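What follows is a single structure, written as structure tokens, with notes after it.
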Amino acid sequence: ELQKTDANVVNNVGERAQQREFDTKAARDELSRLENRDHHALLQPHVLYVSTKQRGNPILKYIRNVPYAYSKMVPDYIMSSQRCALFLSMKYHALYPNYIHRRIAELKTDFKLRILMVLVDVD
């Protein structure tokens, strides 16, 4: 009888550990989804949010008089909850012409105003 009880306790502990692991993974997945898509509704006003993929972009040195913060997100720049921008270099576009179509499709219906910033860096 004691062995059955011990086995039940071990099974219950194992099941609870699996459930905690599942709950933790679900919470991580939800946080990741929130970080990438929905957090733009919670943004601070008067801050330009810049995608972490844009680190090192030479255009950032021309952004003055407005604070900006890096964030993991779908668009390259978020100006407000309903306004975003994508950055496109013409050199990159010449190599990967379908890239911008994919990026626009990734935005889905998240933003009312979408701006395409184009760097003309070809002759």
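Every number in this text was worked out from the coordinates using simple rules, so none of it is lab data. Please read these numbers as outputs of a predicted model, since none were measured by experiment. No Cβ is skipped: glycine too gets one built from the backbone with ideal geometry, and neighbour counts run over all protein chains shown.
Our estimate of slack between TYR96 and ILE115, defined as 0.36 nm per intervening residue step minus the Cα-Cα distance, is 4.9 nm. When the trypsin sites (Lys or Arg not before Pro) in the range 80-123 are filtered for DSSP coil states and for at most 15 other beta-carbon atoms within 10 Å of their beta-carbon, the remaining sites are LYS108, LYS112. Here's how it looks for SER71: its modeled amide H is under 5 Å from those of VAL50, SER51, THR52, which are all 5 or more places away or on a different chain.
Across the range 74-85, computed HN-Hα scalar couplings (Karplus, 6.51 cos²θ - 1.76 cosθ + 1.60, θ = phi - 60°) run 6, x, 6, 9, 10, 8, 7, 5, 10, 10, 9, 9 Hz from first to last residue, x flagging Gly and Pro.
Extending 7 Å from Cα along the Cβ direction at VAL47 and again at ILE59 yields two label points whose distance is 2.1 nm.
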